[in-house]
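Some notes on the structure that comes next.
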Amino acid sequence: MIPFVPLDYETLRLIWWLLLGVLLIAFAIMDGFDLGVAALLPFVARNDDERRIVINTIGPVWEGNQVWLILGGGAIFAAWPALYATSFSGFYLAMMVILIAIILRPVGFKYRSKLTEPRWRAFWDWGLFVGGFIPALIFGVAVGNVLRGVPFRFDDAMRVVYEGNFFGLLMPFALLSGLVSLAMLVAHGASMLMMKTSGAIYERARVYGSYAALATIVLFALAGIWIALGFKGYAVTGIQDTGGPSNPLGKTAVAEAGAWLANYGRHPWMMVAPLAGFLGSALALFAYQRRLAGFAFVSTALAIFGIISTAGLSIFPFLLPSSLDPNASLTVWDASSSHLTLWIMLLATLVFLPIVLAYTAFVYRVMRGKVTSDELGKNPNAY
Amino acid sequence: MFDIDVVTLSRLQFAATAMYHFLFVPLTLGLSFLLAIMESVYVMTGREIWRRMTMFWGTLFGINFAMGVATGVVMEFQFGMNWSYYSHYVGDIFGAPLAIEGLMAFFLEATFIGMFFFGWDRLSKVGHLIVTWLVAFGANFSALWILIANGWMQNPVGAIFNPDTMRMEIADFAAVIFNPVAQAKFVHTVSAGYVTGAIFVMAVSAWYLLKGRHIEIAKRSMAVAASFGLAASLSVVVLGDESGYLATENQKMKVAAMEAMWHTEPAPAAINLIAFPDSAKQENSFAISIPYVLGIIGTRSLTQELPGIVNLVEDAKVRIRNGIAAYVALQKVRSDKTDTEARATFDKSWRDLGYGLLVKLYRPDIENATEADIAKAAELTIPDVPLMFWAFRVMVGLGFYFIGFFAVAFWVASRHKLGEKRWMLWVAVFSIPLPWVAVEVGWLVAEAGRQPWSIEGVLPTFYAASGLTVADLVISLGIFLLIYSSLAVVEIYLMLHAIRKGPAAPERPEPQGAGVLPAAVAAEPQIK
């Protein structure tokens with residue numbers, strides 16, 4: 001009944017775990033600088049002219065960048081439906097907050113400059129700031145909650161039963177994760193601003209970027225120390241059939257202190273990830289000092305890659321641990337789509353992702369160069 | 001176990017999001033092609049006025065597109081947020097077209113839309129034209145993949161239920177893509193979008209002509225929109241009819257409800273032109289019907305019968321009993337994989353499992369269902385008949401109105417009399433809300449018509465919701481309604497502002513008295 005699939009189920013699950021990482025990192029690098037620039041808007045721009053320049057550094061590209069988020073959501077739905085169902089409903093009100101921010105973004109960009117009244121513009125500037133600041137923070141809070149474990153279990157029909165609430169999400173460790181995420185994306189946004197602007201905005205971006213990169217190092221280190229000092233991770237205890245049907249109830253798991261560090265003991269090469277997080281932020285600090293905008297951007301991107309990989313590798317093979325019933329935790333091996341769906345989706349990705357990357361590169365090439373007040377005056381379509 | 005208020009509120013929230021999203025999508029679909037056509041004329045003739053037209057309609061396109069994006073992301077996330085059991089149950093199949101939509105279509109549209117606005121001076125003429133066409137194709141590919149996903153909800157082909165994972169899994173991806181229901185829905189829906197774009201351009205241009213402003217741009221825009229709209233309105237009706245015909249194959253209840261046909265009539269069935277359906281008595285208190293027509297539309301024959309609502313309820317009872325048997329067998333298979341007898345029972349009747357689940361609304365332990373429970377569950381399969389009947393008639397009536405409207409407009413335009421027929425211009429102005437009425441009631445027919453199912457015959461809507469609290473939903477619904485209605489006001493205000501401002505002034509003088517049809521313009525000597 002099932003057509004021939006040349007890769008076994010276990011391999012495909014691992015590939016999709018990697019692709020999930022690629023999508024999340026791509027989202028954080030591509031849309032991350034949009035979020036960071038928006039979060040910096042009130043700080044780096046002091047008058048309407050400067051604010052327009054800042055908004056237009058990302059104006060032509062942010063829409064394409066946001067698709068990484070939409071694609072990430074779609075890919076989780078298609079490749080990890082159990083993860084999609086459990087996390088999106090479990091984090092319901094937190095997702096609402098993100099959605100409000102995401103609704104404000106497109107209209108903020110598009111509507112702000114359609115009218116000249118200062119109050120109108122100030123309102124949308126505020127909207128754009130919220131639309132950048134809130135998602136940058138909340139995505140990190142969500143990761144913090146994943147590391148802590150989420151209070152869910154399944155009933156006999158595999159329906160998710162969730163026993164948490166919104167304020168339960170705002171515990172200290174999750175807030176710390178949120179700040180890590182905010183700091184790294186603000187640093188990334190500052191790098192982009194340096195590449196696309198000059199003069200006063202460039203200088204302010206350099207200063208705020210330095211603070212943000214420094215904060216990233218300190219906060220990321222704090223999170224690491226917290227995890228090392230008796231933070232409860234999760235570990236699979238019963239043997240898992242890595243190629244079996246996707247049913248999270250077929251294994252046993254426990255919560256135990258230090259479990260999130262176990263992978264680094266078993267596979268020391270994984271230390272590359274946290275090192276990249278620190279190294280990227282440190283190189284960014286250096287680049288800000290030496291006014292090397294392009295190098296700063298590559299460095300903050302490296303930091304993002306390292307920090308997100310650290311979270312992913314620490315919890316592997318978990319995707320979403322359950323604090324209520326560790327046995328019900330979702331893992332790479334028991335929460336995926338069927339063998340055939342993973343294969344079809346892989347083929348679609350292999351065909352379309354290179355095309356997407358090619359035209360995205362083309363667009364950035366066409367839109368290269370600094371944004372200036374003169375140029376904005378000439379383009380009636382500028383934001 | 002089933003909190004109906006949560007289900008009702010979740011349905012309200014999803015309906016609000018979807019209907020709100022669908023205020024913007026059809027205009028995006030239609031305007032994107034109209035922009036591409038106008039810019040093509042610009043590139044072919046080199047006449048600056050066509051560039052100004054493209055930029056002017058592009059501004060309105062951009063205001064509308066922003067809202068389409070903002071509401072589209074909400075749609076995608078709501079599947080997981082509000083319908084988590086649905087996401088678990090069918091994510092293996094439904095998630096794939098959604099993800100491919102992002103990968104193949106939305107990326108294209110969203111990446112190039114920035115270039116459309118910011119690339120005018122950075123790209124060659126042909127380069128920019130290609131960008132505009134890519135935006136239009138991206139929008140339409142998006143619709144294709146979304147409607148493949150939606151078509152699967154109406155006609156769930158190519159999937160089987162896996163007892164090990166307790167969900168539907170894919171068996172034949174080609175069947176999902178080439179699902180005839182999905183293909184018919186796609187062409188019907190995008191055509192409706194083209195009609196929306198065409199009426200929008202007609203109405204705004206007509207208003208300019210009535211006010212005597214931007215005459216050259218308005219005449220040309222109207223001529224393009226009239227020809228595009230005529231083709232689109234013809235296809236929306238023809239392809240809508242095809243959609244209805246396909247529904248008679250797999251959604252007999254939907255068709256019967258659309259026609260308020262309570263009892264099976266001898267073939268060929270008459271169509272009820274007007275009727276007052278009475279759901280409590282299960283009959284129409286008044287009806288005017290035309291013989292033969294429904295039989296021909298629904299079955300393309302004079303001999304095939306179309307079953308009535310009451311008869312379909314009887315069929316549902318049989319399927320519910322089967323479904324209960326499948327459910328009982330499923331429980332046995334899950335506790336003991338070696339139970340081959342139970343497995344055989346399940347394999348024979350799993351296609352009715354969804355019907356068995358309908359009983360869960362009345363009795364969680366469905367294996368002990370009484371005849372009364374089964375009868376109540378069977379009654380549940382009837383959608384809201386008066387709503388379906390009237391929504392369908394409004395949609396079809398408007399479809400025919402659009403054909404008439406565009407035929408007249410096209411005739412007037414091709415005789416170069418657009419500026420003279422003021423009645424025609426007023427009709428165009430007042431037609432502006434009609435395509436939105438048509439697409440929203442069309443959406444009602446398609447979606448309310450498949451209730452009580454979230455996946456036709458497979459997963460009842462009430463069973464698909466997330467385990468949220470009423471408070472969660474009241475908060476989120478309240479916030480959505482507040483934001484949506486404020487933004488709708490802002491959007492309309494900005495649209496009117498941009499329309500009042502009109503197209504930018506020409507950079508060099510335009511020659512007077514030029515022809516208004518694209519073909520006529522293309523034949524003129526180039527001024528550049």
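The values are calculated or read from the model by the stated rules, or taken from the named source; none is laboratory data. Predicted model only: the values in this text are computed from it and were never measured. Glycine gets a Cβ as well: all are built from the backbone with ideal geometry, and neighbour counts include every protein chain shown. Heads up: the accessible areas ignore ligands, DNA and RNA and are worked out on the full protein's heavy atoms, side chains in. Shrake-Rupley method; radii C 1.70, N 1.55, O 1.52, S 1.80 Å.
Please identify which residues in the stretch A:346-370 have an amide N closer than 20 Å to a label point set 7 Å out from the Cα of A:F4, following the Cα→Cβ vector. What the label zone holds, given the 20 Å backbone N cut-off, is A:346-348.
Result for chain A in a Gaussian network model with C-alpha springs under 10 Å: among A:N263, A:N47, A:N65, the largest mean-square fluctuation is at A:N47.
Put simply, the amide H of A:D325, placed in the peptide plane, has neighbours under 5 Å in A:F152, leaving out anything fewer than 5 places away on its chain.
Could you look at the stretch A:1-145 and say what percent of its accessible area is carbon and sulfur, using a 1.4 Å probe and all protein chains? Heavy-atom surface of the stretch A:1-145 belonging to carbon and sulfur, 1.4 Å probe: 73 percent. In the assembled protein chains, B:F22 presents an accessible area of approximately 40 Å² (probe radius 1.4 Å). Within the same chain, aspartates and glutamates fewer than 8 places from A:K232 are excluded, and of the rest, those with a Cα less than 15 Å from its Cα are A:E256, A:D325. Normalised Debye scattering of the stretch B:21-66 at q = 0.17, 0.18, 0.21, 0.22 Å⁻¹ gives log10 I(q)/I(0) of -0.46, -0.51, -0.64, -0.68, counting only Cα atoms as equal scatterers and leaving out solvent. Normalised by residue count, the stretch B:176-215 yields a Cα convex hull volume of 49 Å³ per residue.
With all protein chains kept in place, the per residue accessible area of chain A amounts to 37 square angstrom at a probe of 1.4 angstrom. Taking 0.36 nm per residue of separation and subtracting the current Cα-Cα distance, fully stretching the chain between B:T469 and B:E249 would add 75.4 nm. Working value for the stretch B:1-160: equivalent-ellipsoid semi-axes of 37, 16, 12 Å, each the square root of 5 times a Cα gyration tensor eigenvalue, largest first. FRET efficiency for the pair B:E341 and B:T303, taken as 1/(1 + (r/R0)^6) with r the Cβ-Cβ distance and R0 = 51 Å, rounds to 0.75. Could you give me the ³J(HN,Hα) list for the stretch A:225-238, computed from phi with Karplus coefficients 6.51, -1.76, 1.60 and θ = phi - 60°, whole Hz, x at Gly and Pro? With coefficients 6.51, -1.76 and 1.60, one gets 5, 4, 5, 5, 8, x, 5, 7, x, 10, 9, 7, 9, x Hz. Please report the base-10 log of the normalised intensity I(q)/I(0) for the stretch B:1-85, using a Debye sum with one equal scatterer per alpha carbon and no solvent, at each q in 0.13, 0.17, 0.23, 0.24 (1/Å). Results for the stretch B:1-85 at q = 0.13, 0.17, 0.23, 0.24 Å⁻¹ read -0.56, -0.74, -1.01, -1.05.
When a 1.4 Å probe is rolled over the protein heavy atoms, the share of accessible surface on the stretch A:262-383 that falls to carbon and sulfur comes to 72 percent. Summarising the amide proton neighbourhood of B:W453: residues at separation of 5 or more, or on other chains, whose placed amide H is nearer than 5 Å comprise B:T461. Return the carbon/sulfur percentage of the accessible area of chain B, one whole number, probe 1.4 Å, all protein chains in place. Exposed carbon and sulfur together represent 65 percent of the surface.
Counting only alpha carbon atoms, the long axis of helix A:293-315 and the longest principal axis of chain A meet at about 20°.
Legend: mean number of C-beta atoms from other chains within 10 angstrom of residue C-beta atoms, peptide B:413-420, equals 0.
Mean silhouette area of chain B, derived from the convex hull of its C-alpha atoms and averaged over all directions, reads 26.8 nm².
Say R0 is 22 Å: what FRET efficiency, to the nearest 0.05, do B:T8 and B:S485 get from their beta-carbon distance? In this case the efficiency is close to 0.60. Straight-line cross-link reach from B:K281 at under 17 Å between alpha-carbon atoms covers these aspartates and glutamates, not counting any fewer than eight positions away in the same chain: B:E259, B:E314, B:E379, B:D384.
Using alpha carbon centroids, what distance separates the stretch B:426-468 and the stretch A:296-337, in Å? Centre-to-centre (Cα) distance: 38 Å.
If each Cα of the stretch A:233-326 is one equal point scatterer, what is log10 of I(q)/I(0) from the Debye formula at q = 0.18 Å⁻¹? The computed values of log10 I(q)/I(0) come out as -0.83. Packing-based ranking of B:271-284, B:435-448 yields B:435-448, B:271-284, ordered from highest to lowest mean Cβ neighbour count within 10 Å.
Between A:A262 and A:R46, the distance separating the two model label sites (each 7 Å from Cα on the Cα→Cβ line) works out to 5.6 nm.
Per residue, the Cα convex hull of chain A amounts to 143 Å³. Here the stretch B:259-382 is treated as an ellipsoid with the same Cα gyration tensor; its semi-axes, largest first and in whole Å, are 37, 18, 8. Between the C-alpha center of the stretch A:209-284 and that of the stretch B:202-271 there is a gap of 57 Å. Only helical runs count toward this figure. For chain A, summing -39,500 (n - 2.57) over DSSP H runs of n ≥ 4 and dividing by all residues gives -23500 deg cm²/dmol at 222 nm. Taking every residue in A:61-72 and counting other chain Cβ atoms within 10 Å of its Cβ, the average works out to 6. If R0 is taken as 41 Å, the Cβ-Cβ distance between A:R119 and B:M19 corresponds to a FRET efficiency of 0.85.
Listed by chain and number, the lysines whose alpha-carbon sits under 19 Å from that of B:K337, ignoring those within fewer than 8 places in the same chain, are A:K251, B:K348. Accessible area per residue for the stretch B:1-86, computed on protein heavy atoms with a 1.4 Å probe, is 21 Å².
State, to one decimal in nm², a quarter of the convex hull surface area for the C-alpha atoms of the stretch A:27-85, i.e. the direction-averaged projected area.
4.7
With a 1.4 angstrom probe, the accessible area lost at the B-A interface totals about 7000 Å². Heavy-atom accessible area for A:W343, with the other protein chains in place and a 1.4 Å probe, reaches approximately 50 Å².
Taking Cα atoms only, the orientation of helix A:81-90 departs from the longest principal axis of chain A by about 70 degrees. Diffusion coefficient of the protein assembly as shown by Stokes-Einstein, Kirkwood radius over Cα pairs, 20 °C, 1.002 mPa s: 73 µm²/s. Spin-label pair B:W423-A:T242: with each label point 7 Å from Cα along the Cα-Cβ axis, the two points sit 7.8 nm from one another.
Rolling a 1.4 Å probe over the protein heavy atoms leaves B:H214 with an accessible area of roughly 60 Å².
For chain B, return all DSSP H helices satisfying: extent of Cα atoms along own axis at least 15 Å; mean Kyte-Doolittle hydropathy at least 1.6.
B:107-118, B:385-414, B:470-501
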